[in-house]
Amino acid sequence: MWMTDKRYLPPTCADVAIRLDLISKVHGTEQAENYFHNVPEKLKGLPVYGALLNCYASVKSVEKAEATMQKMRDLVLARTSLQYNVLLNLYYQTANYKNLIV
């Protein structure tokens, strides 16, 4: 918070992703969602959506993780296997085995 409050450096997409991850770990997913919704669209890139997907996966929120993944597909941000692996791991952890066979 200190770095963004001082405004010495403009935040990058990676900065936003790291802050989103930290907010979810310290304050919970709801606060992370609030932060995400207040981030300017130009900073919402692959790292930010990936961090949000990881937040949902860590609390085992399948519906929100799937919605985030669909948004990433719509924005053509789901380009690597990492995002799919996060979702598959979430399915495994929540015993959604039928979704593993797609």
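A short reminder: the numbers here are calculations on the coordinates, not readings from a lab. Remember, predicted model here, so these are calculated numbers, not experimental data. As a convention, Cβ positions derive from the backbone with ideal geometry for all residues, glycine included, and neighbour counts pool all protein chains shown.
What the table below lists for this structure:
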{"item": "Exclusive hit being small (Gly, Ala, Ser), on the phi < 0 side of the Ramachandran plot and out of contact with any Leu (no Cβ under 9 Å at 6 or more places or on another chain), set ALA67, ALA17", "result": "ALA67"}
{"item": "Residue in segment 52-74 that is aromatic (Phe, Trp, Tyr) and within 16 Å of ASP21 (Cβ to Cβ) present", "result": "yes"}
{"item": "Selection count where residues are of a type in the set (A, V, I, L, M, F, W, C) and farther than 26 Å from GLN93 by Cβ, scope segment 10-63", "result": "5"}
{"item": "Wholly enclosed helices (runs of 4 or more DSSP H) of the chain bearing at least 1 residues loosely packed, with under 14 Cβ neighbours inside 10 Å, without any contact (Cβ under 8 Å) to a residue 12 or more places away in the chain and not charged (D, E, K, R)", "result": "2-6, 13-27, 29-38, 62-74, 81-93, 97-100"}
